[in-house]
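What follows is a single structure, written as structure tokens, with notes after it.
The values are calculated or read from the model by the stated rules, or taken from the named source; none is laboratory data. In this text the structure is predicted, and so the values were computed from the model without any measurement. Note that we place each Cβ from the backbone using ideal geometry, even for glycine, and neighbour counts take in every protein chain shown. What goes into the accessible areas is simple: the full protein's heavy atoms, side chains included, and nothing from ligands, DNA or RNA. Shrake-Rupley method; radii C 1.70, N 1.55, O 1.52, S 1.80 Å.
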Amino acid sequence: MAWWRLRRRAVPEHSPSAAGTTGQETAQPYIREAEQRRLLRLLKRRAELAYDLEQSEQALQPVNRWTERLDELSAAIAQAEADLDALKPPPPRDLPPPLPPIPIEVISVSSGPPAQVEVRIDTETFAWREEVDWSERGHQLAPSRLLRHRGDPASVAPASLPEHLREPLIERLSASLDQLAEDLLGTVSAAEPLPSLTLADLARPCPSCGGWQDLRGRCPVCTGLAWRRQQLQADVRRLRKERDATLADLQRARDRLPVIRRQLAEVEADIAALRAKGVEPA
Ligand SMILES: [Zn+2]
């Protein structure tokens with residue numbers, strides 16, 4: 001039995017307003033209001049279910065918004081995976097020979113101020129001086145920086161090397177020399193013995209890409225590739241996750257169809273019953 005039939009009998013007995021009156025007529029506006037509210041709720045529910053039904057029916061079409069998104073995601077994953085494959089550095093055909101072990105002679109290291117470093121490799125002298133930032137006006141906040149004011153890294157790069165190897169070598173030597181000057185200053189400040197290094201330590205052939213590693217054994221080409229690979233791998237993980245979620249969403253929308261149809265039929269029946277009694281939204 002529908003709830004309003006029970007209420008119709010129950011309410012007059014317990015309603016204080018109904019006490020001592022004709023009952024049914026006095027209770028009528030109260031029941032009618034409750035029925036109108038119920039009808040409004042049912043109409044809202046029917047609209048929601050109609051939307052869900054449309055979604056579920058769309059999900060069963062061979063092409064729908066889910067399958068379109070899945071296609072886009074699959075294409076994006078394939079592209080990212082192809083990019084990943086392309087990012088593997090080509091195995092070096094022949095590594096350049098290591099640089100000659102010409103000793104790096106430390107001529108002077110002074111912590112200053114201003115700090116100064118001077119070394120000699122073969123016949124070339126390299127010198128650095130601490131850069132004083134005058135804009136700081138005495139209370140220097142920025143860390144001091146050694147600036148090379150003497151020496152050309154190209155002069156210690158073998159002239160026999162082909163240009164495509166020599167150019168990156170000069171770049172790496174330049175970075176390694178500046179790193180060396182900072183290291184030497186740190187070593188002297190910490191009263192540690194000076195390292196015994198040679199030119200070969202400043203740039204070593206990189207076995208992975210055939211380029212050059214710096215004083216710390218880092219290769220900027222390989223580091224850049226590794227960083228880009230990480231980005232792409234993160235992209236692939238994110239895209240796969242979205243694809244799984246979209247697939248699950250599609251399956252859910254398909255599975256719900258019979259449930260939605262049944263719920264909609266029930267709501268329609270309840271609405272029809274209320275309307276048959278003359279209930280209309282306020
Ligand atoms: Zn490399």
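Order the following by accessible area, largest value first: Cys206, Cys222. Probe radius 1.4 Å; ligands, DNA and RNA are ignored.
Largest to smallest exposure gives the sequence Cys222, Cys206.
Among Gly278, Leu173, Ile121, flag the residue with its Cα farthest along the positive direction of the charge dipole of the chain, charges on Cβ as +1 for Lys/Arg and -1 for Asp/Glu.
Gly278
Note down the relative contact order for the chain as a percent, whole number, built from C-alpha pairs under 8 angstrom at least six residues apart.
Reported relative contact order: 26 percent.
Given Cβ point charges of +1 (Lys, Arg) and -1 (Asp, Glu) and nothing else, what value in debye, to the nearest 20, does the dipole of the chain about its Cα centre take?
Once rounded to the nearest 20, the dipole reads 2320 debye.
Going out from 0 in 10 Å bins, what whole percent of all Cα-Cα distances in the chain drops into each bin?
Answer for the chain: a P(r) of 5, 16, 14, 11, 9, 8, 8, 8, 8, 8, 4, 1, 0 percent.
If each residue of separation counts as 0.36 nm, what is the full-extension length gain between Lys277 and Ala78 once their alpha-carbon separation is subtracted?
Contour length minus Cα-Cα distance gives 65.5 nm.
What does the charge dipole of region 144-269 about its Cα centre add up to, to the nearest 20 debye, if the Cβ of each Lys and Arg holds +1 and the Cβ of each Asp and Glu holds -1?
680 debye
List, in order, the whole-Hz ³J(HN,Hα) value for each residue of region 71-76 obtained from phi through the Karplus relation with A = 6.51, B = -1.76, C = 1.60 and θ = phi - 60°; use x for Gly and Pro.
Each residue of region 71-76 in turn: 4, 4, 5, 4, 5, 5 Hz.
Under a point spin-label approximation (7 Å from Cα along Cα-to-Cβ), what is the Ala34-Asp244 distance to one decimal in nm?
About 5.0 nm, to one decimal.
As a test of the formula, what do you get for the chain when each DSSP H run with n ≥ 4 contributes -39,500 (n - 2.57) and the sum is divided by the residue count, at 222 nm and rounded to the nearest 500 deg cm²/dmol?
The helix-only estimate for the chain comes to -19500 deg cm²/dmol at 222 nm.
Once phi is turned into θ = phi - 60°, what whole-Hz ³J(HN,Hα) does the Karplus curve with 6.51, -1.76 and 1.60 give for every residue of region 148-153, x standing for Gly and Pro?
With the stated coefficients, region 148-153 comes to 7, 10, 8, x, 10, x Hz.
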